[in-house]
1. If packing is taken as the mean number of other Cβ atoms within 10 Å per residue, what is the order of 46-54, 136-144, highest first?
2. Out of all DSSP beta bridges with both ends in the chain, state the antiparallel percent to the nearest 5.
3. In debye, nearest 20, what is the charge dipole magnitude of region 21-240 about its Cα centre with +1 on Lys and Arg Cβ and -1 on Asp and Glu Cβ, if you could check?
4. Using alpha carbon coordinates only, what is the Rg to Rh ratio of region 113-246, with Rh defined as the Kirkwood radius?
5. With unit charges on the beta carbon (Lys/Arg positive, Asp/Glu negative), name the residue among 194, 73, 101 whose Cα is farthest towards the positive pole of the charge dipole of the chain.
6. Using only the alpha-carbon atoms, how far is helix 163-175 inclined from the longest principal axis of the chain? Give it as 0 to 90 degrees, nearest 10.
7. Just to check I understand the Karplus step: with θ = phi - 60° and J = 6.51 cos²θ - 1.76 cosθ + 1.60, what whole-Hz values come out for region 219-224, glycine and proline as x?
8. Which of 230, 145, 132 sits closest to the plus end of the dipole of the chain, meaning its Cα is farthest towards the positive end, when Lys and Arg get +1 and Asp and Glu get -1 on the C-beta?
Amino acid sequence: MNQPVIRDVAMSHELPVHHDLAVQHVTKVFNGGAEPVVVLEDAQLALMRGEAMAITGPSGTGKSTLLYIIGVLDEPTSGKVTLFGKEPHRMSLRERAQFRNEQIGFVFQDHHLLPQCSVLENVLLPTLPKDGVTAANQEFARRLLDRVQLGHRLKHRPAELSGGERQRVAVCRALINRPGLLLADEPTGNLDQASADRVGDLLLELVAEFQLMLICVTHSQKLAMRFPKWDEISGGKLIPKEAVAV
């Protein structure tokens, strides 16, 4: 399962005529210090459903900033993000929150599970602003937890789980509203290698199963090598990695 793939990067940043996600000429400048700091400059990428991309680069190069802009948690200074034919950064704050809840799932380095809630309750939390805890949502949550081999831990609290198990719960929570885009920020950063491999397996398998788009920011070269698309941030720009054949 842990096989790197052969990557065809020749057309990595050619935006297709019909795309589900397009990041076009995105720049991010932070002001407030002695002089402005350009974190992202003319960043571009495009993905379709069923595609997965890894983004690597040293700390402080803008990887997470780009992810938060795509996830409508931060604003670009200039440029445009289009997701499923819409420009969420042009929406009102309420519309953005609804769009983000329905269309984008997030997995962070820290699982951010509520310690007082059970595994099942944690997975169901994102449904509250949308449909609420319906019978259908509960059934889907159970199916997701079965899929990640945690169906027997529904009533357990996060403190009773291993780090890898908690992260798998977080993945289920990210998928409960059936988003089209999954954003993962260092999802294996706090895990031992065996658990990291398992979470990496899971994320890539779910892309195909649910026809998701996945963008994964990671420091792990081992994880990044398994993605069919792999870009590195350098000088604020996204640079395709050379094809790796194994």
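Read-outs throughout are calculated quantities, based only on the coordinates presented, and are distinct from any laboratory measurement. On a predicted model such as this, the values are computed, not experimentally measured, just so you know. Positions of Cβ are backbone-derived with ideal geometry, glycine not excepted, and every protein chain shown enters the neighbour counts.
1. 46-54, 136-144
2. Taking every DSSP beta bridge within the chain, about 50 percent pair in antiparallel fashion.
3. Roughly 480 debye for region 21-240.
4. That ratio equals 1.00.
5. Most positive-ward Cα: 101.
6. 80 degrees
7. Whole-Hz 3J(HN,Hα) from phi for region 219-224: 8, 7, 5, 4, 5, 4.
8. Farthest towards the positive end: 132.
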